[in-house]
Amino acid sequence: MFRRHVLVPVAIASITLAAAGCGGTSASAGPPGATGSGATGSAPADSASGAESSSEGVSTSTVAGTGASDEPADQDHSSSAASASASASASPGSGAGPDARRCTADGLTMRLGRADAGAGQIHYRLTFVNQSTTACALRGFPGVSLIKRDGSAIGVPAEREGATRESTVIAPGKTAAVTLHTLNQGIEDSGCWSRPDYLRVYPPGSRDALTLRTSLLHVCGDRFTTTAVDG
């Protein structure tokens, strides 16, 4: 009888310990979410001119994929990637005033509008889109080149046409543009350049380029120019 009474408390104690083990703290389903703004580098000195003339050794954006087929002339083309340069530090506040920082390649994307033809002249609207969260400004001429699939250039970079305009402030999500100018085929005896696979563009004052995949732009008559940035 004595041994029987001893075994009962022991059994009850074992059951109590097992229940306590099942009631421990459960692991979290995943790490807690964390948000924060990335650090920004200092902006290079402002410049009104494009950097195409000093593009030797300049890093360009990585191009995804190879080759490009002709696409409809009425289709806008979006830039394939932005360069991974450090972004310029933003001015205090919204930056929408005259002290807005200069736009950098990593904060912009591009698109190329359809050809606008008339009287033997052809114009393409190249638009910069501010994809950053603060306003930025562009002033001057971009450096624009036509690029083959293997990375080599076609013809020469676009020459400047017209005067430099006042600085254009671009709010987040808004745009500014330049006009690329060439001639209709057959207007001049010099013929036409090969169609590009990419368009490489240095925003004014930038030493980093944006790359746009397109075969739309067709330069003829050895005329290839760009205006300064405007709104």
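From the residues in segment 106-134 that are open to solvent by 50 Å² or more (accessible area, probe 1.4 Å) and polar (S, T, N, Q), which one is nearest to A176 (Cα to Cα)?
Residue satisfying both the conditions and the ranking: Q131.
May I ask you to verify whether H218 is outside any loop (DSSP other than H, G, I, E, B), closer than 18 Å to A115 by Cβ and not hydroxyl-bearing (S, T, Y)?
Answer is no for this residue.
Return the residue satisfying two criteria in turn: it lies in segment 135-151 and is within 16 Å of R213 (Cα to Cα) and out of contact with any Pro (no Cβ under 8 Å at 6 or more places or on another chain), and of such residues it is least open to solvent (accessible area, probe 1.4 Å).
Top of the filtered list is G151.
Pull up segment 152-204, narrow it to residues that are touching a residue at least 40 places away in the same chain (Cβ under 8 Å) and among the charged types (D, E, K, R), then point me to the one that is surrounded by the most Cβ atoms within 10 Å (Cβ to Cβ).
R200
Listed here are the residues, each with its yes/no results for (1) more than 15 Å from A105 (Cα to Cα); (2) modelled with pLDDT of 95 or more; (3) of a type in the set (K, R).
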residue	(1), (2), (3)
A158	yes, yes, no
T168	yes, yes, no
S190	yes, no, no
S194	yes, yes, no
T214	yes, yes, no
T225	yes, yes, no
V229	no, yes, no
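Among the numbered conditions (1) at pLDDT 95 or above; (2) touching a strand residue (DSSP E or B) at 6+ places or on another chain (Cβ under 8 Å); (3) farther than 24 Å from H218 by Cβ, tell me where D106 comes up short.
Tallying (1) at pLDDT 95 or above; (2) touching a strand residue (DSSP E or B) at 6+ places or on another chain (Cβ under 8 Å); (3) farther than 24 Å from H218 by Cβ, D106 fails exactly one: (2).
Being under 17 Å from the mean Cα position of the chain (by Cα) and within 30 Å of D99 (Cα to Cα) narrows it down to one of A171, A228, so name that one.
A171
The values are calculated or read from the model by the stated rules, or taken from the named source; none is laboratory data. Since the model is a prediction, treat every value here as computed from it, not as a measurement. Note that we place each Cβ from the backbone using ideal geometry, even for glycine, and neighbour counts take in every protein chain shown. SASA here: full protein model, heavy atoms, side chains in, ligands and nucleic acids out. Shrake-Rupley method; radii C 1.70, N 1.55, O 1.52, S 1.80 Å.
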